[in-house]
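No lab work stands behind these numbers, since they all come straight from the coordinates. Remember, predicted model here, so these are calculated numbers, not experimental data. Positions of Cβ are backbone-derived with ideal geometry, glycine not excepted, and every protein chain shown enters the neighbour counts.
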Amino acid sequence: MNNQNDAKNRTVTIERVFNVPISLVWEAWTQPEHIAVWWSPKGMETKVIEHDFRVGGNWKYTMEMPDGNEFIADGVYSVILKFKEIRSSANFKPMTEGVEIQALFEENGDKTNFTFNIIHATEEYRIQQEKMGILNGWGSVFERLEEHLKVTSN
């Protein structure tokens, strides 16, 4: 098996089309005041603890669960290409650790094609994460992002 197939087998991909210009989607991903609004599944609140948006910069967010426990998300940015791509290491403690996340943006007129990849260390880990509901969790996050973008664009 070659590395490209191996990476594909370790990756969960979510695709969306947002009905707003790429500049708004980019802003929502890169500005802490926006991230605090949408970066968690429905019913959870996000606090931006650290947001050093540069290659090599750290980010750390906490999400308060309805039961009062905190869920911690953190990572280090490795690639930032304006209006194109954001890559980062990512840990979502206590559920997911040691993944890479990729947010890919493509201008489509006044819309934005968006692809989100979560790359796991192994195919087995990806399968385990899918069984735990990773698609539902991120799906809820991106529904909140879509709602935030609608409000922001008005």
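Calculate, in nm to one decimal, what LYS47 and GLU147 gain on full extension: separation in residues at 0.36 nm each, minus their alpha carbon distance.
That pair, LYS47 and GLU147, stretches by 34.1 nm at full extension.
Over all directions, what mean area does the Cα convex hull of the stretch 85-154 project, stated in square nanometres?
That works out to 5.4 nm², a quarter of the Cα hull's surface.
According to a simple spin-label model (label point 7 Å from Cα along Cα-to-Cβ), what is the distance in nm between LYS111 and VAL55?
In this crude label model, VAL55 to LYS111 measures out at 3.2 nm.
Relative contact order of the chain, please, whole-number percent, based on alpha carbon pairs below 8 angstrom and at least 6 residues apart.
28 percent
How large is ³J(HN,Hα) for each residue in the stretch 111-117, as worked out from phi by the Karplus curve 6.51 cos²θ - 1.76 cosθ + 1.60 (θ = phi - 60°), to whole Hz, x for Gly and Pro?
Ordered by residue, 3J(HN,Hα) equals 10, 10, 7, 10, 10, 10, 10 Hz.
State which helices in the chain qualify, where a helix is a whole DSSP H run, it must extend 27 Å or more along its own axis by its Cα atoms, and its mean Kyte-Doolittle hydropathy must be at least -1.0.
134-153
Along the positive direction of the dipole of the stretch 11-153 (beta-carbon charges: Lys, Arg +1; Asp, Glu -1; about the Cα centre), which of MET63, TYR125, ASN113 reaches farthest?
ASN113
What's the long-distance tail for the stretch 25-154, i.e. % of Cα pairs beyond 25 Å?
Numbers: 1818 of 8385 pairs.
Roughly 22 percent, rounded to a whole number.
Order the peptides 116-125, 51-60 from the highest to the lowest mean number of other Cβ atoms within 10 Å of their residues.
116-125, 51-60
Once label points are set 7 Å from the Cα along Cα→Cβ at both SER89 and GLU64, what is their separation, rounded to one decimal in nm?
Placing both labels 7 Å beyond Cα along the Cβ direction yields 3.0 nm.
Compare the peptides 65-74, 32-41, 82-91 by average per-residue count of other Cβ atoms within 10 angstrom and give them in order, highest first.
Descending mean neighbour count gives 32-41, 82-91, 65-74.
Go ahead and collect, in residue order, the members of the stretch 23-47 whose backbone nitrogen is under 11 Å from a label point 7 Å along the Cα-Cβ direction of ILE14.
39-42
Once amide H atoms are built 1.01 Å from N in the peptide plane, which residues 5 or more positions from VAL20, or in another chain, come under 5 Å H to H?
THR112
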